[in-house]
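Trainee: Right, I'll just put the structure down here and ask away after.
The values are calculated or read from the model by the stated rules, or taken from the named source; none is laboratory data. Bear in mind the structure is a predicted one, so any value in this text is a computation, not a measurement. Because the Cβ atoms are built from the backbone with ideal geometry, glycine has one as well, and the counts that use them run over all protein chains shown. Keep in mind that these areas ignore ligands, DNA and RNA; they rest on the heavy atoms of the full protein, side chains included. Shrake-Rupley method; radii C 1.70, N 1.55, O 1.52, S 1.80 Å.
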Amino acid sequence: MPRSRAQRRKVIRQTIRSLLLITLGAVSAFVGLKGFLLPNHLIDGGATGISILISYGTPIPLPVLILLINIPFIFLGWRQVGLGFALRASGGILVLSVLMSLWPLPTFTDDRLLIAVFGGFFLGAGIGLSIRGGGVIDGTEVLALYISRKTGLTIGDFILVINILIFLTAAWLIDLESAM
């Protein structure tokens, strides 16, 4: 059944809005990571945090690790949510990785409090914008959705547990202050 012209316009507007929100989310997360956390040797949680930890011990560039570590989560999202979601998530993760590899940013501050506040703000805003656009920029959110459907854990509970494990690992591998 063919769609009407109004329906096609609505779909196009929704698609553009979604892509814009996911792109803005990736840019915001990029600013939080490259402008605040990474130059000050701090980490993030989720798949990005795992990527950062691995990048400290291997010669693999962080943007490549972000892509590689998120691949299984994208496939899980495809199976659990759908192809559209997987494509939007792939796009957001790809934009974040490309920005990380190609766009230099100055270190905005070396004050630990400001780093934590603003790094967290930009990362949180990035995640929120991406989710609002119907995608994600960190695959552990997809895993959390899957686990919450299979167990009694909420999405927030699962993400908290994963992030605690990531930060404990960072405290052990890097140092306690960076993990805190």
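Trainee: Of the heavy-atom accessible surface of segment 108-180 (probe 1.4 angstrom), what whole percent is carbon and sulfur?
Mentor: Details: 2990 of 4270 Å².
That fraction is 70 percent.
Trainee: Over segment 1-86, with every protein chain in place, what whole percent of the accessible area is carbon and sulfur at 1.4 Å, could you tell me? Provide the component values of the computation, followed by the final result.
Mentor: Working: 3270 of 4760 Å².
Looking at segment 1-86 in its full context, I get 69 percent from C and S.
Trainee: May I pose another question? May I ask you to give the average projected area over all directions of the convex hull of the Cα atoms of the chain, in nm² rounded to one decimal? Show your work: numbers first, answer last.
Mentor: Working: hull surface 47.1 nm².
Projected area, direction-averaged: 11.8 nm².
Trainee: If you don't mind, there's one more thing I want to ask. Before I look further, what does the chain give for accessible area per residue, probe 1.4 Å, in whole square angstrom? The partial results should precede the final answer.
Mentor: On the way: 10180 Å² over 180 residues.
Accessible area per residue, the chain: 57 Å².
Trainee: So if we plug the beta-carbon distance of residue 114 and residue 71 into 1/(1 + (r/R0)^6) with R0 = 45 Å, what FRET efficiency do we get, rounded to 0.05? Can you show the working numbers first?
Mentor: On the way: r = 34 Å, r/R0 = 0.75.
Once the sixth-power term is evaluated, E becomes 0.85.
Trainee: Where in the chain are the DSSP H helices whose alpha-carbon span along the long axis reaches 24 Å or more and whose Kyte-Doolittle mean is at least -1.0? Kindly include the intermediate steps, with their values, before the conclusion.
Mentor: Numbers: long enough: 5-30 (37 Å, 0.33); 62-80 (27 Å, 1.62); 83-102 (28 Å, 1.79); 112-132 (29 Å, 1.58); 155-173 (27 Å, 2.22).
TM-like helix candidates: 5-30, 62-80, 83-102, 112-132, 155-173.
Trainee: As a test of the formula, what do you get for the chain when each DSSP H run with n ≥ 4 contributes -39,500 (n - 2.57) and the sum is divided by the residue count, at 222 nm and rounded to the nearest 500 deg cm²/dmol? Mind dumping the intermediate values first?
Mentor: Numbers: 8 runs with 132 residues, N = 180.
So the helix-based figure for the chain works out to -24500 deg cm²/dmol.
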